[in-house]
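These notes are about the structure you will find just below.
The values are calculated or read from the model by the stated rules, or taken from the named source; none is laboratory data. These figures come from a predicted structure and were not determined experimentally. Positions of Cβ are generated from backbone atoms using ideal geometry, with glycine treated the same way; all protein chains shown enter the neighbour counts. Quick note on the areas: whole protein, heavy atoms, side chains included, nothing else; ligands and nucleic acids left out. Shrake-Rupley method; radii C 1.70, N 1.55, O 1.52, S 1.80 Å.
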Amino acid sequence: VQLVESGGGLVQAGGSLRLSCAASGSTFSIHGMGWYRQAPGKQRDLVATITSGAGSTNYADSVKGRFTISRDNAKNTMYLQMNSLNPEDTAVYYCNAWDLLNSYWGQGTQVTVSS
């Protein structure tokens, strides 16, 4: 499974961005996908996940009510709509997918929120 993120960039506080993650390869085996983020000098943290079957979602408390994860199965693409961004959301955002045996990562996309 290969994952490619896009949609990062520079935005002012209070603004919005939408990230995309396009999956290719053995996508039929994917059980779920998610977004993680890593700020400079910090660990990589979970942002949100979505399962492949029922589409169940899970969010970090820090993004609940502001971020929305979704997927388009026909396009093998996952999205993260980010609203009401603040400088604490600045990080490299990584796409993740997992199947029964493996976890896959994208290369990351930078999101910078200016105050």
Checklist entry - Taking only protein heavy atoms and a 1.4 Å probe, what accessible area per residue, in Å², does the chain have with all protein chains in place? => result 52
Item to check | Two-site label geometry, D99 and S114: point separation in nm, points 7 Å out along Cα→Cβ | outcome: 4.3
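Once you have the Cα-Cα distance between V4 and S29, take 0.36 nm times their residue separation minus that, and quote the gain in nm to one decimal. Don't jump to the answer; show the numbers that get you there.
On the way: separation 25, 0.36 × 25 = 9.00 nm, distance 1.72 nm.
Between V4 and S29, full extension yields an extra 7.3 nm.
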Next on the checklist: I'd like the carbon and sulfur percentage of the solvent accessible area for the chain, probe radius 1.4 Å, heavy atoms only, ligands and nucleic acids excluded.
Outcome noted: 49
Checklist outcome for this item: Length gained, S56-E88, 0.36 nm per residue minus C-alpha separation, equals 8.9 nm
